[in-house]
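Since the structure comes first, as structure tokens, the remarks are kept for the end.
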Amino acid sequence: MNSTLETLPKSNSFTKWNRKIHIYIGLFMLVFIWIFSLSGLFMNNPRWFAGGQPNREKQTAQVTMPESGARLEKAWNIMEQLNLRGEVYFLRDPGPGKFGFLCMRPNVRDFVTVEIETGKTNIMHVTPKNNSYAAIINQMHVFTGNLGERQRDWLPTKIWSFSMDALSVGIIILVLTSLYMGWQSPHRMGVIISFVFGVAVFTYFIWGQQIMSS
């Protein structure tokens, strides 16, 4: 341990470590928080970044329908034949004699329907109009990969979801360190007013709106 910290009173030592944790975690999460802030603006003000109707492109292909395996394994096999990547979602029954699923990754959706007997495959390839960066950021905000089979089967999604868990824990730590620094601040009254105001606004939307709508 740093010799300077060893000579400090425990309260001063904790204050220093609290400040370091707050700064380093904040810097690590900086880009993530910016992305979520931007996507929040995009989603809350869609007219600012209107991209129009998405592009839809119909495609056809021929695949060999797997004869064995769970439906998720069959979907992976078909995706490999079609050179598709992303998360697999099973939305609805495509009809008799057909096997269907959605292959999804941020900004791209491929609706795949295979005729089991012939292997004829129809693909609806859907992308945002102009492939806008706003749409990509929006997808990053909401894309979890935890649908369909209720498991994440695409490596980038697993990495992204782990990062989001780390970000959530980091924000909790950031808030706790902020509370401590606020309590130690000489301008404590302003800190308390700011905190109470934030709690009041949150309470209004969570509790007050529920009462008003009942």
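Structure summary
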| read-out | value |
| --- | --- |
| Qualifying residue in region 121-136 (condition: crowded, with 17+ Cβ neighbours inside 10 Å, among the β-branched types (V, I, T), at pLDDT 90 or above and part of a strand (DSSP E or B)) | yes |
| Within region 184-202, tally of residues that are modelled with pLDDT of 85 or more and hydroxyl-bearing (S, T, Y) | 1 |
| Members of region 165-192 found to be farther than 20 Å from I21 by Cβ and surrounded by 11 or more Cβ atoms within 10 Å (Cβ to Cβ), listed by number | R188, G190, I192 |
| Strands (runs of 3 or more DSSP E) within region 1-109 that include 1 or more residues at pLDDT 85 or above, hydrophobic (A, V, I, L, M, F, W, C) and touching a Pro at 6+ places or on another chain (Cβ under 9 Å) | 98-105 |
| Candidate set: region 56-109, residues that are among the acidic types (D, E) and over 30 Å from S39 (Cα atoms); chosen: the one surrounded by the most Cβ atoms within 10 Å (Cβ to Cβ) | E73 |
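The values are calculated or read from the model by the stated rules, or taken from the named source; none is laboratory data. Note that the structure is a prediction, hence the values are computed from the model and not measured. Counting neighbours? That spans all protein chains shown, and the Cβs are built from the backbone with ideal geometry, glycine included.
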